[in-house]
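Below is one structure; the comments refer to it alone.
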Amino acid sequence: MSGTTRAEYCVIACAEAWRGAGEILASPMGVIPSAGARLARLTFSPDLLLTDGEALIVRPDGTTEGWLPYRQHLELVTGGRRHVMMGASQIDRFGNQNISCVGDWAKPVRQLLGVRGAPVNTLNNPTSYWIPRHSRRVFVAKVDMVCGVGYDRAAGARYHRIPRVVSDLGVFDFATPDRSMRLASLHPGVSVEEVREATAFDLAVADEVPYTREPTALELRLIREVIDPGDARAREVPA
């Protein structure tokens, strides 16, 4: 197998968020994060717990593996034993995320999902982000409303951690002295200049930025034949 697509690099980048996670609950939101979590479970993170989003623990093929009572789910969520990968309508250089509104909260230009569980997620368990279309409208200098809490607002939060942000252009983390966003890897075919142009704040960028790793032959087969044979990933990130 060859000819890895941009969407498949994104699946690999999302899967890596759960590498070495152990027995924690994975809560991916979106086609590509879901494919990434299932790939991680099938390969390098076999103890990862997947859920149907309601009350069941499921295997990567969707069949039932166990029961997850709501009380136990809350224990995982509030005790740091869950890693969620959410979306973001806006995100800033410190990882503050907005999914509530565009414009002034008192009179928004556009109403979005609402705050939902973002504050609880970000303050109580590791939270990564998936952004399928990297642009200045999403990677903003300042979010219009803070829903998910970033590093500049999370002082004292025991389980707060933003392991990574994955977009269709690359992978980002906060491994900097001031916990501002850093370009960790570029997806093959993307340049540093392209990322900078699509970002409305100054990213930390090393002199040499690696590329997102290549999938193994087994990983490609699992993505294409087992996890997503209908190629839904290409609808989220077109080739």
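Calculated [222 nm] ellipticity per residue, helices only, for the chain: -6000 deg cm²/dmol; basis is -39500 (n - 2.57) per DSSP H run with n ≥ 4, divided by all residues, nearest 500. Along each principal axis, taking the top coordinate minus the bottom one, the Cα set of region 92-163 gives 35, 25, 18 Å in descending order.
Here the dipole of the chain is about 560 debye; that uses its Cα centre as origin and unit charges on the Cβ of Lys and Arg (positive) and Asp and Glu (negative).
Placing a label point 7 Å from the Cα of Tyr211 along the Cα-to-Cβ line, the residues of region 225-239 whose backbone N sits under 19 Å from it are 238-239. When you restrict to C-alpha pairs under 8 Å that are six or more residues apart and normalise by the size of region 37-173, the relative contact order lands at 23 percent.
Packing order of peptides 45-54, 94-103, highest average first: 94-103, 45-54 (average count of other Cβ atoms within 10 Å over each peptide's residues).
On full extension, the segment bounded by Arg221 and Thr64 gains 54.2 nm, given 0.36 nm per residue less the C-alpha separation.
For region 45-107, relative contact order (Cα pairs under 8 Å, six or more residues apart, normalised by length) works out to 14 percent. Judged by the mean number of other Cβ atoms found within 10 Å, the most tightly packed of the peptides 28-38, 176-186, 142-152 leads the ranking 28-38, 142-152, 176-186.
Here, each number is a calculation from the coordinates, and none is a lab measurement. Remember, it's a predicted structure, so these values are computed and weren't measured experimentally. Positions of Cβ are backbone-derived with ideal geometry, glycine not excepted, and every protein chain shown enters the neighbour counts.
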